[in-house]
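Some notes on the structure that comes next.
The values are calculated or read from the model by the stated rules, or taken from the named source; none is laboratory data. None of the values given here were measured: they were computed from a predicted structure. Note: ideal-geometry Cβ built from the backbone for every residue, glycine included; neighbour counts use all protein chains shown. To get the accessible areas, we keep the full protein, side chains included, count just its heavy atoms, and leave off ligands, DNA and RNA. Shrake-Rupley method; radii C 1.70, N 1.55, O 1.52, S 1.80 Å.
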Amino acid sequence: GIDIVVALDLSGSMAAEDFELKGGRVNRIQIAKHVLDQFVDKRTSDRVGLVAFAGRAYIAAPLTLDHDFLKTNLERLDLGSIEDGTAIGSALTAALNRLRDLKSKSKIVILMTDGQNNAGKVPPLTAAEAAQTLGVKVYTIGVGTRCMAPFPATDIFGRKRYENVQVDIDEKTLTEIATRTGGKYYRADSTDTLEKI
């Protein structure tokens, strides 16, 4: 089997509702969870682990073949649970630390983010170099529509309304991380594209 660590962005901007699911509007974290659920179901013989990150990264689930356990931990992830920010380098490093000593025939990191690195001590490309050295392929996924995204806010009467917020995915860095490690960068700007990816 393959060893796969998924690093999932939990920064505040993942609350933007630029995806649809079953005819309703959902935010980026909901769609990411939905698609990852399906992905895990298909990887029956692979060990999958989970790293969650915002301003810092932590292990949300160790590499495991117990996919029900993994999905329970994925379901538990919530926005606002880690201080805000996007520490892409730290997330990659945390994922690599899970894979480093394993004797697997293939090691993969899937990094899902909607932003650009602005936190953490490790520059993303330094982490990418480490991945390359360890023979880990990194597939990066930029989550979000192009240009503007509807972000939920509450007005003074407590009603939900939407504000348009600029989408700032650092596609250049995400592409470079993937290229250096023999992986690939994908842009997921709709539910359909994300499911295909």
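Which one of the conditions (1) of a type in the set (G, A, S); (2) open to solvent by 10 Å² or more (accessible area, probe 1.4 Å); (3) not in a helix (DSSP H, G or I) does A130 fail to meet, given that it meets all the rest?
The single condition A130 does not satisfy is (3).
Taking into account only those residues within the stretch 56-78 that are surrounded by fewer than 17 Cβ atoms within 10 Å (Cβ to Cβ) and in contact with a helix residue (DSSP H, G or I) (Cβ under 9 Å, 6 or more places away or on another chain), which is nearest to V122 (Cα to Cα)?
Looking at residues that are surrounded by fewer than 17 Cβ atoms within 10 Å (Cβ to Cβ) and in contact with a helix residue (DSSP H, G or I) (Cβ under 9 Å, 6 or more places away or on another chain), I get R56.
If I filter the stretch 157-168 for residues that are modelled with pLDDT of 95 or more and among the charged types (D, E, K, R), do I get at least one hit?
Scanning the stretch 157-168 turns up no residue that is modelled with pLDDT of 95 or more and among the charged types (D, E, K, R).
For D101, all conditions in the list (1) in contact (Cβ under 8 Å) with a residue 12 or more places away in the chain; (2) not in a helix (DSSP H, G or I) hold save one; what is the number of the exception?
D101 satisfies every listed condition except (1).
Check whether at least one residue in the stretch 28-45 is surrounded by fewer than 21 Cβ atoms within 10 Å (Cβ to Cβ), farther than 19 Å from G1 by Cβ and without any contact (Cβ under 8 Å) to a residue 12 or more places away in the chain, and report yes or no.
The answer is yes, given that some residue of the stretch 28-45 is surrounded by fewer than 21 Cβ atoms within 10 Å (Cβ to Cβ), farther than 19 Å from G1 by Cβ and without any contact (Cβ under 8 Å) to a residue 12 or more places away in the chain.
For the subset of the stretch 15-44 comprising residues that are among the acidic types (D, E) and closer than 16 Å to M112 by Cβ, which member is nearest to the chain's Cα centre (by Cα)?
D37
What single numbered condition from (1) open to solvent by 20 Å² or more (accessible area, probe 1.4 Å); (2) under 20 Å from R187 (Cα atoms) fails to hold for A16?
So A16 meets the others, but not (1).
With the requirement that a residue be of a type outside the set (G, A, S), crowded, with 17+ Cβ neighbours inside 10 Å and closer than 23 Å to K22 by Cα, what does the stretch 146-185 give you?
F151
Among the numbered criteria (1) within 22 Å of A128 (Cβ to Cβ); (2) touching a Leu at 6+ places or on another chain (Cβ under 7 Å), which one does A94 miss?
(2)
With the checklist (1) in contact with a Ser or Thr (Cβ under 7 Å, 6 or more places away or on another chain); (2) among the aliphatic types (A, V, I, L, M); (3) over 19 Å from E83 (Cα atoms) in hand, flag the one item I156 doesn't pass.
It fails just one condition, (1).
Would you mind telling me which numbered condition in (1) in contact with a Gly (Cβ under 9 Å, 6 or more places away or on another chain); (2) within 19 Å of T140 (Cβ to Cβ); (3) open to solvent by 20 Å² or more (accessible area, probe 1.4 Å) V5 fails?
Status for V5: all satisfied but (3).
Name every residue in the stretch 167-197 that is outside any helix (DSSP H, G or I) and either closer than 23 Å to M148 by Cβ or touching a Leu at 6+ places or on another chain (Cβ under 6 Å) (or both), in order of residue number.
The answer is V167, D168, I169, D170, Y185, Y186, R187, A188, D189, S190, I197.
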